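We did not get these values from a lab; they are worked out from the coordinates using the rules stated. Not measured: the values here are computed from a predicted model. Heads up, the Cβs are rebuilt from the backbone with ideal geometry, glycines too, and the neighbour counts pull from every protein chain shown.
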Amino acid sequence: MRAPSGAMCRAGCAEQASFPLVKARKVPENKRGRPTDYREEYCEQAYKLALLGLTDVEMAWFYDISIETLAAWAWEHEAFFSAITPTPEQRSAHAEKIAARCRKGARYAGP
């Protein structure tokens, strides 16, 4: 198939590609990329995991996602962020538990 007179392709030849040129579709801003794997029920589940003392890395492993995806979920969903963020009471209880282990002679190896 020949190009109209005077038209050239990128390579500089006078032949056109054998496929028709298609105009790019306009995609709505909120519909780009892969759909999220986040579900509303993850919020309560994450809260229980946080109460058990799981770290962000362990939660990401539990959900079979990357740590970056877990951070994105927390950024996009306020309830999920609240669920995985320990309260001051949880922090102090965790610190007391670690101190008790250290008094017994155990080394701190994480939660």
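Loop only by DSSP, 10 or fewer other Cβ within 10 Å of the Cβ. Give me the trypsin sites (Lys or Arg not before Pro) in the range 60-105 that pass, ordered by residue number. If you can, show how the numbers build up before the last one.
Working: sites: R91, K97, R101, R103, K104; in loops: K104.
Answer in residue order: K104.
Think of the range 41-103 as a dipole: +1 on every Lys or Arg Cβ, -1 on every Asp or Glu Cβ, centred on the Cα centre; then among S66, L52, Y42, L52 lies furthest on the positive end. With the simple model of a label 7 Å out from the Cα in the direction of the Cβ, R34 to R91 spans 3.4 nm.
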